[in-house]
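Below is one structure; the comments refer to it alone.
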Amino acid sequence: MPPANQDMFVQSSAVSKQTLKREVGLIALIATAITGIIGSGWLFASLYAAQIAGPAAIFSWLIGGGIAIIIALLYAEMSGMLPVTGALTSIPYFSHGTLAGFLAGWLCWIAYVATAPIEVMAALEYADGYLPWLTQKVDGERELTHAGLWAASLMMLIFTVFNMLGVKWLAHANTVISVWKVAVPVVAAFALIYVGFHAENFSSAGGFAPYGVSGVLGAVSSGGVMFSLLGFRTIIDIAGEARNPQRNVPLAMVIGLLISLFIYIILQIAFIGAIPPEHLLGGWSKISESAPGGPFVGFAVILGMQWLAFSLYVDAVVSPAGTGVAYVGTTARINYAMAENKQFPAVFVKLNKFSVPVWALAFNFAIGMLLFLPFPGWSELVGFISSAAVLAFSFGPVSHAALRFQAPDRHRPYRMPLGSFFAMVGFVLIGFVVYWTGWDTNWKVMSLVLLGLPILVISRSVTKAGRLPLEAGHVSWFLLYVVALALVSFMGNYGNGLGLLPTGIDLLIITVVSLLIFRMAVNQRLPNDLCNERVEIAMQASAVES
């Protein structure tokens with residue numbers, strides 16, 4: 001890079017007078033991870049996964065959990081080495097430049113900003129049985145009434161105000177909420193297994209895997225499995241506010257994910273066993289165990305466990321609300337990080353007296369209000385969120401492998417064994433998950449990738465960052481990756497694809513294409529000196545009072 005541009009970069013990235021504070025300890029970080037993972041997913045995902053895969057949905061959770069753990073461990077190394085706020089967008093910026101950081105952040109922001117509204121919507125839908133004026137059915141889809149819109153707006157406002165009061169206070173609240181969010185589903189699962197378990201359900205109505213391998217894999221994306229498990233990413237985004245982040249961030253991420261995965265698998269087993277056998281006469285795809293508060297409430301009522309039903313009614317509000325609060329906060333950190341990197345307007349860097357990015361919270365609140373307009377049901381929207389979030393994660397394995405070359409001697413409190421190999425495997429698996437989401441969803445997500453480019457141009461004009469290099473040559477691999485996945489998805493077997501690719505051949509194509517693009521992506525990394533210069537500036541900015 002020419003010296004003039006280097007000077008420009010240093011000046012544009014100077015440490016702000018306002019800085020985020022490191023106030024979040026290990027227990028609070030684990031609680032934040034659990035709060036992000038266990039939301040509306042535990043009340044809905046068991047149902048939708050079973051509809052798609054039958055009893056074999058248990059394997060969907062194991063596959064999704066394996067993928068999530070690999071991704072989490074890759075980010076655990078990078079987050080321990082580079083504990084900066086909004087790391088999901090900052091790390092690609094360090095390794096592959098401005099456009100890479102923007103595209104990763106843009107996709108993350110799309111997935112994040114939609115999550116809090118969907119959690120609010122879920123909470124209000126659960127309350128429909130005793131507050132029927134909140135929602136109504138229109139053309140088979142449940143939508144908010146005018147009163148429901150006011151209630152949703154009030155909930156989003158409360159979430160936003162909570163986050164404005166500071167991350168330390170919020171972390172303590174998350175710890176309390178997380179204890180409840182772990183206790184209720186665990187008690188519910190074991191109570192249903194003990195009182196009303198039908199072992200024959202695992203072999204009836206078409207057998208253990210009535211829809212074959214395609215059903216198991218489809219449930220990973222469209223059944224809410226990845227949507228639920230990817231909540232561990234909230235830890236990555238608040239790494240810049242963690243105490244002893246080199247140790248606590250990786251540890252909290254993995255512990256929170258493993259605890260949550262165990263809970264989801266037990267819940268799926270309980271759900272399958274608790275279904276009255278007569279409800280399976282039409283097959284697994286026809287089950288609709290709906291009740292106010294979710295399907296588990298219905299089982300509790302049928303089995304006469306009114307105490308459990310009451311707890312689940314309460315949790316139907318607490319779990320989605322807790323996750324909504326977490327995502328309102330982490331979404332603002334994405335805005336903050338992108339503004340720090342001159343990809344969003346500088347107003348998003350401004351903090352209030354509690355050291356919180358207040359204007360980012362306000363902007364995301366406004367966007368959240370727009371998302372309360374009629375949209376598809378929970379299962380369709382989570383597929384959209386999952387595809388966008390997983391596609392954003394594709395930068396993670398690439399950055400991990402690139403940083404092994406760019407910063408080989410930088411201290412890594414946690415160093416993933418066989419890291420380069422697992423980075424390559426993780427990249428291939430991400431391609432699988434996006435493909436399993438299906439064409440119906442993927443064309444929308446991939447169109448939004450292109451929509452982000454003019455938004456970046458406008459933002460660079462507003463922030464006067466147009467003189468800074470866009471570094472598009474370091475991210476051509478990602479655009480090729482999106483095009484390749486779009487073509488395979490269009491010709492593939494999920495989400496109304498054309499079905500032209502034989503089962504097995506489709507995954508082989510994705511594997512070969514992903515491996516070629518992965519090598520191309522690592523080779524397109526930034527020069528070592530430029531990467532390390534950006535890392536040092538960011539680390540100076542995050543070296544704040546503990």
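The values are calculated or read from the model by the stated rules, or taken from the named source; none is laboratory data. Small disclaimer: the values here were computed from a predicted structure and weren't measured. A quick note on method: Cβ atoms are made from the backbone with ideal geometry, for glycine too, and the neighbour counts reach across all protein chains shown. Accessible surface areas use protein heavy atoms only, side chains included; no ligands, DNA or RNA. Shrake-Rupley method; radii C 1.70, N 1.55, O 1.52, S 1.80 Å.
The helix-based estimate of mean residue ellipticity at 222 nm for the chain, built from -39,500 (n - 2.57) per DSSP H run of four or more residues and divided by its residue count, is -23000 deg cm²/dmol to the nearest 500.
Across the range 266-325, the mean sequence separation of Cα contacts (distance under 8 Å, 6 or more residues apart), normalised by length, yields a relative contact order of 22 percent. Shown in residue order for the range 499-510 are the 3J(HN,Hα) couplings computed by the Karplus curve 6.51 cos²θ - 1.76 cosθ + 1.60 at θ = phi - 60°: x, 7, 9, x, 4, x, 5, 4, 5, 5, 4, 4 Hz (x for Gly and Pro).
Modelled this way, with points 7 Å down the Cα-to-C-beta line, the labels at Phe490 and Ser476 are 2.1 nm from one another.
For the range 404-546, a crude dipole built from +1 on the beta carbon of Lys and Arg and -1 on the beta carbon of Asp and Glu, taken about the Cα centre, is about 160 debye to the nearest 20.
Would you rank Trp307, Trp42 by solvent-accessible area, highest first, keeping every protein chain in place and using a 1.4 Å probe?
Trp307, Trp42
Relative to the 2.2 N^0.38 Å rule of thumb, the range 479-520 has a C-alpha radius of gyration ratio of 1.13.
Taking all C-alpha pairs of the range 328-448, those more than 20 Å from each other amount to 61 percent. Across the range 255-265, coupling constants 3J(HN,Hα) worked out from phi with the 6.51/-1.76/1.60 Karplus curve, θ = phi - 60°, read 4, x, 5, 5, 4, 5, 4, 4, 4, 5, 5 Hz, and Gly and Pro carry x. For the pair Leu131 and Thr145, the difference between a 0.36 nm per residue extended length and the Cα-Cα distance amounts to 3.9 nm.
Expected output is a single nm value to one decimal: the length gained when fully extending between Phe208 and Ile367, i.e. 0.36 nm times separation in residues minus the C-alpha distance. What is it? Present the calculation step by step, with values, prior to reporting the outcome.
On the way: separation 159, 0.36 × 159 = 57.24 nm, distance 4.26 nm.
In short, 53.0 nm is gained.
Close amide H partners of Arg243, meaning residues 5 or more places away or on another chain with modelled amide H under 5 Å apart, are Glu23, Val24, Gly25. Which number gives the lysine pairs in the chain that have C-alpha atoms under 19 Å apart and are eight or more places apart or on different chains? Here the count comes out as 11. Taking 7 Å steps out from each Cα toward its Cβ at Trp307 and Glu536 produces label points 6.3 nm apart.
Angle of helix 306-340 to the longest C-alpha principal axis of the chain, folded into 0 to 90 degrees and rounded to 10: 20°.
Provide the net charge surrounding Pro320, with neighbours chosen by a C-beta distance below 11 Å and charges set as Lys +1, Arg +1, Asp -1, Glu -1. Intermediate results must be reported in sequence, preceding the final value.
On the way: positive: Lys181; negative: Glu119, Glu125, Asp315.
Its environment carries a net charge of -2.
Each 10 Å bin from zero up to the one holding the largest Cα-Cα distance in the range 293-376 carries the following percent of pairs: 16, 30, 23, 17, 11, 2. Taking Cα atoms only, the orientation of helix 439-462 departs from the longest principal axis of the chain by about 30 degrees.
Rounded to the nearest 0.05, what FRET efficiency do Lys350 and Leu154 give with R0 = 30 Å and r taken as the Cβ-Cβ distance? Could you check? Kindly include the intermediate steps, with their values, before the conclusion.
Numbers: r = 25 Å, r/R0 = 0.85.
After rounding, the FRET efficiency stands at 0.75.
For the pair Leu418 and Ser461, what calculated FRET efficiency results from E = 1/(1 + (r/R0)^6), where r is the Cβ-Cβ distance and R0 = 51 Å, to the nearest 0.05?
So the FRET efficiency works out to roughly 0.70.
Residues whose amide H falls under 5 Å from that of Thr135, counting only those 5 or more places apart or on a different chain, are Thr145, with hydrogens built in the peptide plane. When the alpha carbon coordinates of the chain are projected onto the principal axes, the ranges are 74, 53, 42 Å, largest first. Across the range 24-167, Cα-Cα pairs farther apart than 25 Å form 47% of the total. Residues Phe59, Phe44, Phe422, ordered by accessible area of protein heavy atoms at a 1.4 angstrom probe radius and largest first, appear as Phe59, Phe422, Phe44.
The relative contact order of the chain comes to 30 percent, based on Cα pairs under 8 Å that sit 6 or more residues apart. Here the spin labels are modelled as points 7 Å beyond Cα on the Cα-Cβ line, and at Ile255 and Leu516 they lie 4.5 nm apart.
Between Val317 and Ser288, the contour length at 0.36 nm per residue exceeds the Cα-Cα span by 8.4 nm.
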